[in-house]
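These notes are about the structure you will find just below.
Every number here is computed from the coordinates shown, using simple stated rules; none is lab data. Computed from a predicted structure; not experimentally measured. All Cβ positions, even for glycine, are placed from backbone atoms using ideal geometry, and neighbour counts span all protein chains on display.
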Number of protein chains: 2
Amino acid sequence: MNRTKTPLTVDPSVLADLLDGRWASERRRGRTLVEHPDTVPPITGDLDEMREATLRGVRALGESGSTLRSLPTELGGENDHAGYVAAFEESVTASPSLQIKAGVQYGLFGGAIQHLGNAEQHAQWLLPAQRGELLGCFAMTEIGHGSDVASLGTIAVYDPAAEEFVITTPFRAATKEYIGNAAAHGRAAVVFAQLITAGVDHGVHAFFVPIRTEDGEPMPGVSIEDDGRKGGLLGVDNGRLAFADVRVPRTHLLDRYGAVAPDGTYSSPIDSPGRRFFTMLGTLVQGRVSLDGAAVVAAKLGLDIAVRYGLERRQFTGADDTEEVVLMDYQQHQRRLMPLLAETYANAIAHEVLLASFQRVFSGEDDSDEARQLLETQAAGFKATSTWDALDVLQECREACGGAGFMTENRLTGLRADLDVYVTFEGDNTVLLQLVGKRLLGDYAAEFKNIDVGGVARFIGTQAAEHSLYRSGLANVGRTIGEVLTPGLTERRIRSGRLQELLLSARVDTMVAELASNLRPASKLPKEEAAALLNENQHELIEAAKAYVELLKWQALNTAMHTFDDDPRRADEAKALRRIRDLYGLTLIERSIGWHIMYGRLSMNRARQVGPAINRLCAKLAGNAADLVAAFGYGPEHRRATIAEGVEARRQTEAREHYRRARAQADHPVDEKVLHRERTRKG
Amino acid sequence: MNRTKTPLTVDPSVLADLLDGRWASERRRGRTLVEHPDTVPPITGDLDEMREATLRGVRALGESGSTLRSLPTELGGENDHAGYVAAFEESVTASPSLQIKAGVQYGLFGGAIQHLGNAEQHAQWLLPAQRGELLGCFAMTEIGHGSDVASLGTIAVYDPAAEEFVITTPFRAATKEYIGNAAAHGRAAVVFAQLITAGVDHGVHAFFVPIRTEDGEPMPGVSIEDDGRKGGLLGVDNGRLAFADVRVPRTHLLDRYGAVAPDGTYSSPIDSPGRRFFTMLGTLVQGRVSLDGAAVVAAKLGLDIAVRYGLERRQFTGADDTEEVVLMDYQQHQRRLMPLLAETYANAIAHEVLLASFQRVFSGEDDSDEARQLLETQAAGFKATSTWDALDVLQECREACGGAGFMTENRLTGLRADLDVYVTFEGDNTVLLQLVGKRLLGDYAAEFKNIDVGGVARFIGTQAAEHSLYRSGLANVGRTIGEVLTPGLTERRIRSGRLQELLLSARVDTMVAELASNLRPASKLPKEEAAALLNENQHELIEAAKAYVELLKWQALNTAMHTFDDDPRRADEAKALRRIRDLYGLTLIERSIGWHIMYGRLSMNRARQVGPAINRLCAKLAGNAADLVAAFGYGPEHRRATIAEGVEARRQTEAREHYRRARAQADHPVDEKVLHRERTRKG
C-alpha cells in the first residue's frame, strides 16, 4: 500500500562498510565470536548455569588473545584501543551478559591495572588478567555512593610498621555493591578507597586486593554477598564486598597517580587532589565508550529482527479481499520503526567519531587536556543517549512483533532486560547529561567553569578547558534561518540539511545562552540560594545537553552521508543515506517542534510540513528496509530469533495453499456474509 | 532545596477514598488477597515452580468465593461486575502472573461460558469454572491471526449423523497460540472456530472442548505445545493447541448468539453475521476493563516504591558541605516522577468512569447499543493508554532508583517485565486506538461509519452509533480560547482548568475535522487508492484517538477534583488535587505544544509559560509526595521492595554517626584538599 513502489537499488555491503567504519575488520572479527561453542549462553537456566556459561565465554575471549590488543606493544599488545573496543562491543551478539562480565574482567579490572598500575604491577597481574586466568572485580560503587565516587566510605590506612594498607568498610553503606565477578568468580578486586597515610586523607585511590583463596573461599576479613537475581544480565555474578581490616602490601596500591613510600610519605605527579582524582577516573572512560557501541549493537539486532518479521507478517486485508497487508506497509508500522532505524544509523556513525577520539587520546597521538575533555564529553553524552535509545528501540521492536515479540525465543525481551541497566551504570545517564551540560556552560562563559550543578563539578573535574568545545556561536542565527526559509518552501527545502543543522544548533545556542543568563546571579548569591537557583535550572541544563548531543550525532551522520558524493555508482546509496539523515534530522526537530516555533526559528506553516515530510520519508525508507538492516552485517547466528528467519512466510504459504485447495473443492462452504448480503439486497 | 517549604496538610485517607471510588470496599477486599499464604509467588524459581505457585493462587481465589460475585443472582452471584473487577485488579499486588492466570480462568474461560453459553451449559461448567475446579483456556488467538479474529483458521464442521462438531486445525498458522492455562493446567478450552454447517460458514463461534484427560494427558487429537519462557508472566503456562478432527457433542457449542439444531440448521437471534460477531466479542470486554485497572495498580506500586526511596536516598552535597541532598529535592527527579504521579491519578480516576460504564451495561441497567459502544470505546482507549503509561512509569521508577531499581528484590523490573505484554494482548494498543479513531470519525460524519481503516472495521463492528459520542463540537473553539487568554496571563491563568479543557478539546476537534477532510475523497476512489489514502492518514488517526482519550481522562480527573469544592475542611486536599489536575493537563499540553502553537491555539509567549509552570507544580507536589503515594493504600505486604521500607535512611544514620564519631577522634585524618587549598593560598 504505502511502501515506495520503486525502491532504491541499495547494496547493503556498501552501507555496511560505512557503518562498520575505520575499525571494520576488528568489528567483524568480533562478530565471529558467536561461532565459538562457549560464548552463546543458554537462553534459560538457573542463575548458576547462566553464570557458569557466561564465565566460559569470558575465558574463551581471554584464550583467543584478542584481549591483549589494547595493551602497549612492550606487553605484547598493539596499542589499538578503538579496534579492541569495536571488536569487544560485538560480544553483545553473543550475549550482553558476556559483554558486561568480560567488560568487568578485561576493561575494568584489567584496565584499572593497566592505567593506574606501574610496570611491576603490570608484570605481575596484567597479563594473567587479560588472559582470563586471574579473574577480578572492579570494586568502586558502594551501597551509599554510586555517582558520587569522591564520597566513597571505604578507607585504606597505611601502616608504616608493617608496610601494609589496612582496608576497612566502616559502615554498611560503604559496602561495595553491584560488583561484577564478586558473587562467584573473582579472585581479586581493584578496590577504590580513601587513601590515608601520615594523618592525611588523600582521596580515592585504587588497591589490588585478593578476595578469594585458591579454593574459592573468601579471604580472611573479606565478606561476600550475592546480589541474587536482577532484572537482566543473569550471567553476571554481581555481589557485595566488605572488608574488615584486610591487610595488603604497600605495593598493592596502583600508584601511577599517587604513591606511598615505605615510611608513609605520599607523592603524586599531580599536585591538585581534585585534578588527580578526575585524571584517575578519566583513564576509565573506555567503559562508557564501549557501552555506547554496545547499545548500538543491541539496537541493530532488535531492528534486524523486527524489520524482517514486519516484512513477512500480514494482518487484516486492505485493498485486496483475500490477500492480507504486510505489516511494514502500514503507515503506523513505518512510523514506529523507520525513525528508530535512522536514529540507529546516526548512533552507529556517531560512535565512530567517539572511537576516533578514544584512539587519539589512548594511543598517545593526542592526549592533551583538550582532547581528553572532548573524549569525556562525547563519551558521556553519546553513552547516555544511545543506551536510552536502545531501550526504546528494543521495546518498540518487541511491540511491533506483537505476542511473538514477547516470547523469549525471539530475543527482544531478553535483550531489553539486559540493556536496561546500561542507562544507570558506568555513569547514570541523568548525571552524565549534567556533566555535558556543565561543559557547555563552561565553554559559553569562563565564570561557569567551576559551577557546581548538583555536585556535578566533582564528576567532571575542575580544570578549565583551553578552547571552546562548542563553537557554532550565537551570532546571526535568526537571520541565517530566515535566509534558508524562503516563502516557497517545498519538501526539498524542509529536507534541506542546512536548515536542519541551523535549527538544531540554534536550539543549543539559545538554550545555553538562556541558561547562562538564568544562572549568572548564582555567583553573587548566598550558598543556599545559589544552590536553589542551580537546581531550578537543572531540567533545562539536561535538555540543553540532550540538544547538544543530538546536534553532534546529526553532524556525524551528515558528514558520513557525503561519503559517496563523488561516486556516481553509489547514487542510490547516497540517496538512501540522505533519506536517513533527513528522517533523523526532522524527527529531532519534530520532537521539539514547539520550541522551534516558540523561539521564532520555524514558522507555523513550515512547521506543519515536518510531519508529512516524515511520513513520506518513512514510506520511502520502508521500501529499502530489508537492505538497511542487512547492512548491519548480522546473520541468523547473531539474531537467533525464530521469527526473523522466514517461518512466518512459510506458514502463510501453507495457509494460502490450503485455502486455494479448499476453494477448489465442490463442497467448499459458502460464507454466510455473502448469503446475508444477497438476502438483504433481495429483501 | 526545591521542595515546597510548607507542604499542604493532606490526609491520605481522604484521597484514598476518592481514588478507590465507588467500589472501594471490594477494591480493598481485593488487596487483602496478599495475606493468603498461597497467593504471593516466589520471586524466583524455574518455570514449573512459578506456574505451580501461581496455580495455587488461582485456586485460592476460586475457593474464596469472590469469583462468583459477577454471576447472576440465580447462579449464586450478585450481578456486581464492577465490584468484582475492582477486587480482581488488585491481584496484581500479589503478582501480575496471578492476575493474568486468574483472568484466563475466571474472566475469559468462565466469562465466555457465562456470556456465550446457555442455562444448561452454565449449570454444567460455569460454577466449577468459577470455583477453580474446572481449569480452562480461552483459545481464540492463533499463530496467524491475533488482532484479526474474524480471519481465524480453525474450523468446526457439524456432522448431523453423529450430532457432533469436528474441530480441526487445517494448517500450522491456525494453531491456537499464547493460550494461558494450555501448557500445563487446563482441562478444557473455549475454542473459537469458524462454524460450518449445511454447507455454510457462519463465522467465528465458541465451543467447549476438553483438552486433557483426568490424569493430565492430552485428549485424543489434541496437540499441546509449551510456549516456554516469555519476557514476563512466568507463572502463566502459555501454550499452543492444535486439533486433528476432535469431536465434541453438538451441545458443546456455546450457543447464545448462534445455535445449530440436531439436523444442522443454523439459527441466531442476530440476523447480520457482522453484527453477531461483534456482539459476541463485545461480551468479552471485561478483559480490557480489568487490564486498564491492573495497569493502574502496577503504576501505583512502582511510584510507591520509587517515591519512598527518592524521599530517603541522598547523593551529592548541595548547599551544605556534608549533608547530601535527598533525590526528591532535585528538580530533575521531581520532573521524572511527579508528572507520572499525576498521570496515574488521572488513570485511576478515569478507570472509575470505565467501571461505571461497565456496570451499567453488564448489570442490565442500560445495555443499549449506545451504552455498549461507549463502554467499548472507553475500554479500548483507556486500556491502550494506561498500559503504555504503566510501562513508562515502571521504567522511570526503576531508573530513578538507580542500580537498586535493577535488583529483583526491589520488584520494579519484575513488574515491568510482567506488564510488558499488556500493551499487545487483549487488543493490541495500536489496533485499539484505531478503533477509537474510527469511532471518532463515525461520530463526526455518518459517511465514515463504515470506513475500513486497515481492517479495523472488522474490529469495531458495522452498526452505526445512534448518537454522537463526541459532542464538544467545532463551533467557535478558536474564539473561546481567545476569550480565556487575556494579555495579562499570570501563572494562575495558565493553570486555568477552562483553558486546559479548551486546548485539549480543540485539538481533538481539529484533528478529527482534518482527518475527515483528508479522507472524504476515499468513498469515490477505486478500492486500492482508497486504501492507500486511508493508510496515509493512519498515524494521524491514532494521534487523534490518543488526544481524545487524554481529553476524557483529563475530564474525569477534573470532575473528581471538584469533589471537595464545598467542604472547607478539605481545602488542602482540594488544592493538592488541583495541582495534580494542572500538572496532568499542562503535561499533556506540553507534549503537543507544537501543535497548539501551530494551530494558533496558544500564543508563543503563553506557550513559554507552560514549562516553568510545570516545574513549579512538580516542586509543590514533591512536597506532598509521601501523602500522595500513601493514598494508594498499599503497605509493605503489597510493595515487598527492600528499598521502600526505610533501609536507606537507617544506613545513612549509621554512616552519619560513624563520621560524627570519627571527626571527634584526635587522630582524625586531615583532608588533603584542605591542605592543598592552604598551600595554594600561601603559594
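Please report, for the Cα atoms of the range B:138-271, the Rg to one decimal and the Dmax as a whole number; what are they, in angstrom?
14.7, 48
Semi-axes of the equivalent ellipsoid of the range B:314-461: what are they in whole Å, largest first, if each equals the square root of 5 times a C-alpha gyration tensor eigenvalue? List each step's numbers first, then the result.
Working: eigenvalues 337, 51, 45 Å².
Computed over the range B:314-461, the values are 41, 16, 15 Å.
If neighbour count is taken as other Cβ atoms inside 10 Å, put B:Ser70, B:Ser368, A:Ser386, A:Ser272 in order from fewest to most.
Numbers: B:Ser70 25, B:Ser368 11, A:Ser386 31, A:Ser272 19.
Going from sparsest to densest Cβ surroundings: B:Ser368, A:Ser272, B:Ser70, A:Ser386.
The range A:83-132: which GluC sites (Glu not before Pro) are DSSP loop and have at most 10 other beta-carbon atoms within 10 angstrom?
Numbers: sites: A:Glu89, A:Glu90, A:Glu120; in loops: none.
Within the range A:83-132, no GluC sites (Glu not before Pro) qualify (loop, at most 10 other Cβ atoms within 10 Å).
Using only alpha carbon positions, build the gyration tensor of the protein assembly as shown, then give the equivalent ellipsoid semi-axes as the square roots of 5 times its eigenvalues, largest first, whole angstrom.
On the way: eigenvalues 550, 245, 214 Å².
Working through the eigenvalues yields semi-axes of 52, 35, 33 Å.
Among DSSP bridges having both ends in the protein assembly as shown, what percentage is antiparallel? Round to the nearest 5. Spell out each step's value before the answer.
On the way: 66 of 84 bridges.
Percentage antiparallel, nearest 5: 80.
At A:Asn118 and B:Glu35, where each label point lies 7 Å from the Cα along Cα→Cβ, what is the point-to-point distance in nanometres?
Taking the two extended label points, one gets 6.7 nm.
Between B:Ser13 and A:Thr213, what FRET efficiency follows from the Cβ-Cβ distance if R0 is 60 Å, with the result rounded to 0.05? Walk me through the numbers before you get to the answer.
Numbers: r = 57 Å, r/R0 = 0.94.
Rounded to the nearest 0.05, the efficiency is 0.60.
Just round it to a whole percent: the fraction of Cα-Cα distances in the range A:320-388 exceeding 14 Å. Write out the running numbers ahead of the final one.
On the way: 1609 of 2346 pairs.
Tail fraction, whole percent: 69.
Inverting the mean 1/r over all pairs of different Cα atoms, compute the Kirkwood radius of the range A:525-649 and quote it in Å. It would help to have the intermediate numbers written out before the result.
Details: mean 1/r = 0.0549 Å⁻¹.
That comes to 18.2 Å for the range A:525-649.
Just tell me how shielded B:329-341 is by partners: mean number of partner chain Cβ atoms within 10 Å of each residue's Cβ, no decimals.
For this peptide, the per-residue mean of nearby foreign Cβ atoms is 4.
Can you give the Kirkwood hydrodynamic radius of the range A:622-670 from its Cα pairs, in Å with one decimal? Could you put the intermediate results ahead of the total?
On the way: mean 1/r = 0.0728 Å⁻¹.
Computed over the range A:622-670, the radius equals 13.7 Å.
Could you pull out every residue, at least 5 positions away or on a different chain, whose amide H is within less than 5 Å of the one on B:Asp671? Hs are placed 1.01 Å off N in the peptide plane, and Pro or chain starts have none.
A:Asp201
Of the listed pairs B:Lys300/B:Lys383; A:Lys230/A:Lys546; B:Lys383/B:Lys438; A:Lys620/B:Lys438; B:Lys176/B:Lys230, which have alpha-carbon separations greater than 19 Å here? If you can, show how the numbers build up before the last one.
Values: B:Lys300/B:Lys383 16 Å; A:Lys230/A:Lys546 29 Å; B:Lys383/B:Lys438 17 Å; A:Lys620/B:Lys438 26 Å; B:Lys176/B:Lys230 17 Å.
The pairs that break the limit, which is 19 Å between Cα atoms, are A:Lys230/A:Lys546; A:Lys620/B:Lys438.
Loop only per DSSP, at most 12 neighbouring Cβ atoms within 10 Å: give me the trypsin sites (Lys or Arg not before Pro) in the range B:4-66, ordered by residue number.
Listed in order of number, the matching sites are B:Lys5.
Mean separation of Cα pairs under 8 Å and 6+ residues apart, divided by the residue count of chain A: what relative contact order is that in percent?
Numbers: 1154 pairs, mean separation 103.1, N = 683.
Averaging sequence separation for qualifying contacts and normalising by length gives 15 percent for chain A.
Within a 10 angstrom radius of each residue's Cβ in A:164-174, how many Cβ atoms of other chains show up on average? Whole number is fine.
3
Which FRET efficiency, nearest 0.05, do B:Arg679 and B:Glu654 yield, Cβ-Cβ r, R0 41 Å? Mind showing how you got there, number by number?
Numbers: r = 34 Å, r/R0 = 0.84.
Once rounded, the FRET efficiency stands at 0.75.
Report, to two decimal places, the Cα Rg of the range A:356-408 normalised by 2.2 N^0.38 Å (N = number of residues). Don't jump to the answer; show the numbers that get you there.
Numbers: Rg = 17.8 Å, N = 53, 2.2 N^0.38 = 9.9 Å.
So the range A:356-408 has a normalised radius of gyration of 1.79.
First measure r as the distance between the Cβ atoms of B:Asp48 and A:Thr559, then evaluate 1/(1 + (r/R0)^6) with R0 = 60 Å and state the FRET efficiency to the nearest 0.05.
Details: r = 55 Å, r/R0 = 0.91.
Efficiency at R0 = 60 Å is approximately 0.65.
How big is the equivalent ellipsoid of the range B:285-645 along its three axes, where each semi-axis is √(5λ) from the Cα gyration tensor, reported in whole Å from largest to smallest?
Taking √(5λ) for each eigenvalue gives 36, 25, 19 Å, largest first.
Using only atoms on other chains, find how many Cβ atoms lie within 10 Å of each Cβ of peptide A:541-550 and report the average. List each step's numbers first, then the result.
On the way: counts 2, 3, 3, 0, 0, 0, 0, 0, 0, 0.
Counting Cβ atoms of other protein chains within 10 Å of each residue's Cβ and averaging gives 1.
What number, in percent, do you get for the relative contact order of the range B:285-645 if the mean sequence gap of Cα pairs under 8 Å and at least 6 apart is divided by its residue count? Mind showing how you got there, number by number?
Details: 448 pairs, mean separation 87.8, N = 361.
Result for the range B:285-645 is 24 percent.
Out of all Cα-Cα pairs in chain A, roughly what percent, to the nearest whole number, are more than 38 Å apart? Please list the in-between numbers first.
Values: 94705 of 232903 pairs.
Counting pairs separated by more than 38 Å, the tail of P(r) holds 41 percent.
Once label points are set 7 Å from the Cα along Cα→Cβ at both B:Arg661 and A:Arg569, what is their separation, rounded to one decimal in nm?
Those two pseudo-labels are separated by 7.7 nm.
Once phi is turned into ³J(HN,Hα) by the Karplus curve 6.51 cos²θ - 1.76 cosθ + 1.60 with θ = phi - 60°, what whole-Hz value does each residue of the range A:371-385 show in order, with x for glycine and proline?
5, 5, 5, 4, 4, 5, 5, 4, 4, 5, x, 5, 4, 4, 6
Please work out the ratio of the alpha-carbon Rg of the range A:1-125 to 2.2 N^0.38 Å and round it to two decimals. All intermediate terms of the calculation are to be shown ahead of the outcome.
Working: Rg = 18.2 Å, N = 125, 2.2 N^0.38 = 13.8 Å.
The range A:1-125 yields a ratio of 1.32.
Calculate for chain B the 222 nm mean residue ellipticity that helices alone would give, adding -39,500 (n - 2.57) per DSSP H run of length 4 or more and normalising by residue count, nearest 500 deg cm²/dmol. Mind dumping the intermediate values first?
On the way: 27 runs with 349 residues, N = 683.
It comes out at -16000 deg cm²/dmol, rounded to the nearest 500.
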